[in-house]
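Nothing in this text is a laboratory measurement; each read-out follows from the coordinates by a stated rule. All of these numbers come straight from a predicted model, not from anything done at the bench. Glycine also receives a Cβ, built like all others from the backbone with ideal geometry; neighbour counts cover every protein chain displayed.
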Amino acid sequence: MAYSEKVIDHYQNPKNVGTLDKSSKKVGTGLVGAPECGDVMRLQIEVDDVTGVITDAKFKTFGCGSAIASSSLATEWLKGKSIDEALTVDNMDFVEELNLPPVKIHCSVLAEDAIKAAINDYRVKNGKDVIKFEESVVH
Amino acid sequence: MLKLPIYLDNNATTPMDPRVLEAMTPYFLEHFGNAASRNHPFGWEAEEAVDYAREQVAKLIGADPKEIIFTSGATEADNLGIKGVYEMYAGKGNHIITATTEHKAVLDTCKHIEKSGGEITYLQVKADGLIDLKELEAAIKPTTILVAIMYANNEIGTIQPIREISAIAKKHGVLLFTDATQAVGKIPVNVNKDGIDLMAFTAHKMYGPKGVGALYVRRKNPRVKVTAQMDGGGHERGMRSGTLNVPGIVGFGKACEISMIDMEADTKRISKLRDKLEGELMKLEEAYINGSTEHRLPHVTNISFKHVEGEGLLMGFNKNIALSSGSACTSASLEPSYVLKALGLGDDLAHSSLRFGLGRFTDEEQIDYTISAISETVLKLRDMSPLWEMYKEGIDLSKIEWAAH
């Protein structure tokens, strides 16, 4: 199966690989997927507590090229966005941007889930309620 | 000069040996006859060429030429051998014993038979990929007509104890079928010494052309018969109708002849390269060889690199190195290799595996390049892997509640 150029570029030059201090109140961590399924994504956001804007984002991913590219792209998209804006990122945005084929849609779903999980982690740390999301259909 | 890409997927198919192509060419052009045309020189030439190839093929496996039934490949030979015995020996019983690590051409054939009223026992394999001979013997019952166990596995290269399996089958009056696709031409296979009654194999795994294979069917002690699976002109002693693929068969014969001559030298050279590749890659942390290293094809190794995913790993170098992975991220099911799972590997290790199949045209420069490209990619992806980070922090990954999807 041929990968799109954008997937290859993110794979070869991943953006924002790394780790933020997960004990910091400013940092939200989302860990989604499972080793048994061949994909695990960890997405972290650092949020400015005054403005509510995401100032930094990092990822680490165990998975195929599309999973790596989706999480790399997610960190790029998140930086500079407010939490509310970040919540509007949809898995289909990844599919379109990266030209993911149908068998790779689960990678985009995982990236969306990772964003939501990171935001919820941040909210809980800061005394806010967990946002309940509808279950993703494609897994 | 190193030429890229490097081909290390010789278990999938092999490049043709130029000597094979040379032998085939005239049979596409001037000697195009139908081997079944009995009344003119075109037919005679074709028949003569097929007869000669039949001898070359038979010689490689220690058979009589009359025992070779040409087919379109190993899948057809698997179907013909297993379904053909099931139908021919219906009066004797309906039970077949096979193993969970067989090729799909055998497993799906067995499933087909199950649907039509047959009974199949699927033997589990041990952690090294070998079947348990005691379990095999215990599974035999009065209705058992066939044991179908592969000679060597396509994913991990494990060689089954065919002679011991044959002895057990013989003791109970049961026929032995073996899919020897990966073994014939690579290691010595002899149907008489090994006690094989039916055997499937193919040309394109031994530097011959695609689209031609054979089923060996024993003619003496015991005389074995199979029911034809295709109706037609009654070619191949009535067992396989269809105009013979003369150029393909000629190429198959030549490939067998070359393999026989070159086998010892090839094995010596290739196994040395395989051992170097394996030895160097095993220097990486958390690398594991899958399957037996003792009973294994000389050109194969299958290694899992923990905490990196196979397809992601392949992407690091698949423009330059052709390999396959036990991971199945491309399939909708997301199920990793059933062969690796049958060894008892966790899904995580099965997803992290690479299969290397070296061949006659693999050289040391290619292996050196492969060692460094793979080592670099593994290290790079581990830097990117949350599982590797957790492992390094001493977190027990099996204790984490993963949101399975």
What's the number of the condition B:ILE258 fails, among (1) touching a Cys at 6+ places or on another chain (Cβ under 8 Å); (2) in a helix (DSSP H, G or I)?
(1)
Could you tell me whether B:VAL378 is within 22 Å of B:LYS205 (Cα to Cα) and assigned to a helix (DSSP H, G or I)?
no
Residues located in region B:333-375, provided they are away from chain A (no Cβ under 12 Å), under 23 Å from the mean Cα position of the chain (by Cα), surrounded by fewer than 19 Cβ atoms within 10 Å (Cβ to Cβ) and in a helix (DSSP H, G or I):
B:TYR338
If I go through region A:78-103 residue by residue, how many of them are within 13 Å of another protein chain (Cβ to nearest Cβ) and of a type outside the set (A, V, I, L, M)?
3
Scan A:SER66, A:SER82 and give me the residue that is of a type in the set (S, T, N, Q) and crowded, with 19+ Cβ neighbours inside 10 Å.
A:SER66
In the list B:GLU30, B:GLU87, which residue meets the criterion of being in a helix (DSSP H, G or I), on the phi < 0 side of the Ramachandran plot and among the acidic types (Asp, Glu)?
B:GLU87
Those residues of region B:381-405 that are of a type outside the set (Phe, Trp, Tyr), within 12 Å of chain A (Cβ to nearest Cβ) and in a helix (DSSP H, G or I) come to a total of 10
Within region B:241-254, is even one residue more than 20 Å from B:VAL217 (Cα to Cα), surrounded by fewer than 18 Cβ atoms within 10 Å (Cβ to Cβ) and out of contact with any Phe, Trp or Tyr (no Cβ under 6 Å at 6 or more places or on another chain)?
no
If A:HIS106 satisfies every condition in (1) facing chain B (nearest Cβ under 8 Å); (2) surrounded by fewer than 24 Cβ atoms within 10 Å (Cβ to Cβ); (3) under 15 Å from the mean Cα position of the chain (by Cα) but one, which is the exception?
(2)
Mind listing whichever residues of region B:112-144 are small (Gly, Ala, Ser) and either part of a helix (DSSP H, G or I) or closer than 22 Å to B:LYS341 by Cα (or both)?
B:ALA127, B:GLY129, B:ALA138, B:ALA139
